[in-house]
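The structure under discussion appears below in the form of structure tokens.
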Amino acid sequence: MRVVDIVDGTSVDGPGLRTTIYFAGCNHRCPGCHNPHTWNFDAGTEMSQQEIIGRIIENDFDVTFSGGDPMYQPADILPLAKQIKSLGKTIWCYTGFLFEEILSSPEMSKLLPYIDVIVDGPFVESLKDTELIFRGSSNQRIIDVSATISSGNILLAKLF
């Protein structure tokens, strides 16, 4: 997997302290993106699943996938997500894709059983709101994945 950075103990990418993995590559290229250095698919370094899991175990935090956009590497990330869940960790995932696009993609949708919350949609600079919790623009949704799949309707996560 191409990883640009791993940040341990962050509190801005979901509730509590989390280990956030910033995956390389993004074609959304949202104007005003705060991580444009992650857009290049060759950015960062190649990391094995075991290297990443070692870091997660060492820090013992829940996990967030960010980037770039992790949904550009679904086949590589799937075994990692399975192992993270087997450790009893929650997974949040930030993506510029809409949830509906993920559902309709045979590759990306395989990740859904392992992700607890998806923050979906592109960052839209004109909708930027610094008062929002865990998202950058008001068009982005914080979706409870299992509840959404069970109900067949988009259900937002209850944060607090």
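Give the residue that is nearest to residue 71 (Cα to Cα), with candidates limited to residues of region 1-16 that are assigned to a loop (DSSP other than H, G, I, E, B) and under 15 Å from the mean Cα position of the chain (by Cα).
1
Taking the criterion of being of a type in the set (Val, Ile, Thr), in contact (Cβ under 8 Å) with a residue 12 or more places away in the chain and surrounded by fewer than 20 Cβ atoms within 10 Å (Cβ to Cβ), would at least one residue in region 21-28 satisfy it?
Step one: list which residues in region 21-28 are of a type in the set (Val, Ile, Thr), which gives 21.
Among the residues that remain, those that are also in contact (Cβ under 8 Å) with a residue 12 or more places away in the chain are: 21.
In the following step, the residues that additionally are surrounded by fewer than 20 Cβ atoms within 10 Å (Cβ to Cβ) were identified as none.
No, region 21-28 contains no residue that is of a type in the set (Val, Ile, Thr), in contact (Cβ under 8 Å) with a residue 12 or more places away in the chain and surrounded by fewer than 20 Cβ atoms within 10 Å (Cβ to Cβ).
Exactly one condition in (1) within 21 Å of residue 25 (Cα to Cα); (2) assigned to a loop (DSSP other than H, G, I, E, B); (3) acidic (Asp, Glu) is false for residue 131; which is it?
Failed condition: (1).
Residues are listed down the side, and each one gets a yes or a no for (1) in contact (Cβ under 8 Å) with a residue 60 or more places away in the chain; (2) not hydroxyl-bearing (Ser, Thr, Tyr):
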position	(1), (2)
46	no, yes
77	yes, yes
89	no, yes
106	no, yes
109	no, no
113	no, yes
138	no, no
157	no, yes
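Any residue at all in region 100-108 that's touching a strand residue (DSSP E or B) at 6+ places or on another chain (Cβ under 7 Å), at pLDDT 95 or above and open to solvent by 50 Å² or more (accessible area, probe 1.4 Å)?
Checked region 100-108: no residue is touching a strand residue (DSSP E or B) at 6+ places or on another chain (Cβ under 7 Å), at pLDDT 95 or above and open to solvent by 50 Å² or more (accessible area, probe 1.4 Å).
With farther than 13 Å from residue 94 by Cα, surrounded by 15 or more Cβ atoms within 10 Å (Cβ to Cβ) and free of Cβ contacts under 8 Å to residues at least 40 places away in the same chain as the only criterion, which of 56, 52, 6 stands out?
56 is the lone residue from the list that is farther than 13 Å from residue 94 by Cα, surrounded by 15 or more Cβ atoms within 10 Å (Cβ to Cβ) and free of Cβ contacts under 8 Å to residues at least 40 places away in the same chain.
In region 90-121, how many are in a loop (DSSP other than H, G, I, E, B), touching a helix residue (DSSP H, G or I) at 6+ places or on another chain (Cβ under 6 Å) and of a type in the set (Val, Ile, Thr)?
2
Of all residues in region 63-80, which are open to solvent by less than 50 Å² (accessible area, probe 1.4 Å) and outside any loop (DSSP other than H, G, I, E, B)?
63, 64, 65, 66, 67, 70, 71, 74, 77, 78, 80
Going by what's in this entry, would residue 158 be described as more than 21 Å from residue 82 (Cα to Cα), surrounded by fewer than 17 Cβ atoms within 10 Å (Cβ to Cβ), over 18 Å from the mean Cα position of the chain (by Cα) and basic (Lys, Arg)?
In short, no.
So residue 42 fits all but one of (1) outside any loop (DSSP other than H, G, I, E, B); (2) open to solvent by 80 Å² or more (accessible area, probe 1.4 Å); what number is the exception?
Residue 42 satisfies every listed condition except (1).
Go through region 115-131 and give me each residue that's open to solvent by 40 Å² or more (accessible area, probe 1.4 Å) and out of contact with any Cys (no Cβ under 9 Å at 6 or more places or on another chain).
Across region 115-131, the qualifying residues are 126, 127, 128, 129, 130, 131.
The values are calculated or read from the model by the stated rules, or taken from the named source; none is laboratory data. The model shown is predicted, which means the values in this text are computed figures rather than measured ones. Note that we place each Cβ from the backbone using ideal geometry, even for glycine, and neighbour counts take in every protein chain shown. Note: accessible area is taken over every heavy atom of the protein model, side chains too, but ligands, DNA and RNA are not part of it. Shrake-Rupley method; radii C 1.70, N 1.55, O 1.52, S 1.80 Å.
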